[in-house]
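Report on the structure given below.
Here, each number is a calculation from the coordinates, and none is a lab measurement. All values derive from a computational prediction rather than experimental measurement. So basically every Cβ, Gly included, is an ideal-geometry build from the backbone, and we count neighbours across all protein chains shown.
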Amino acid sequence: MQNLRAAVVFLYVILLAGCATGEHMTFSFKRPVPGKEWKIGYQQELKDQYFIVEYIPSDETLNNWTKMVTIQNFGLKTRGQPTAYSGKTPEELMSDLKEKMEKRCSNTVWNVIEHGQNDVLYEWRIENCSPEPDQHEVARIFDGKWNRFRVAYVSKVKKLPDEERAEWIDNLKKARIEE
């Protein structure tokens, strides 16, 4: 199992803000299922402000996916000046996301797994919330000196299997900021 796991690890490095600040985030994750690869389903960049990339299994589409990995970078400072994303802590940003989700789905289940001064690891689940499909997401928001990063894994299931949930919690905890 360990050899198989080592063979299927995929490493992605965000360099958006790294070009201007020298700061980037590293994050690794394995294939969605054996024999499949990840592909970019969507990405957008607003220079020095915001970056998002969403990965989906290679045989799926953005309109019809079962699993997704999202990586976001919110610039906190541009040329030393605060941006629109720098006014809140990671936990406050998570609370805003929770409020929006609860408006969409009143029966949202939300759980903070861990939090620190500049870091929050959390999960949410929705089920029977038409038109939304059942989903379970594990995510982490954390700050660097110049950027705020959000990494998340979501699957269209009522509840992630315990082993898969634990694996993604571990993956998200290992995401690191480097200069």
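List of remarks:
- Global form of the stretch 88-179, assessed from the alpha-carbon gyration tensor, a/c cut-off 1.5: oblate
- The slack in the chain from Asp134 to Lys30, taken as 0.36 nm per residue of separation less the alpha-carbon distance, amounts to 35.2 nm.
- The protection proxy used here, the mean number of other Cβ atoms lying within 10 Å of each residue, ranks peptides 33-46, 53-66, 112-125 as follows, highest first: 112-125, 53-66, 33-46.
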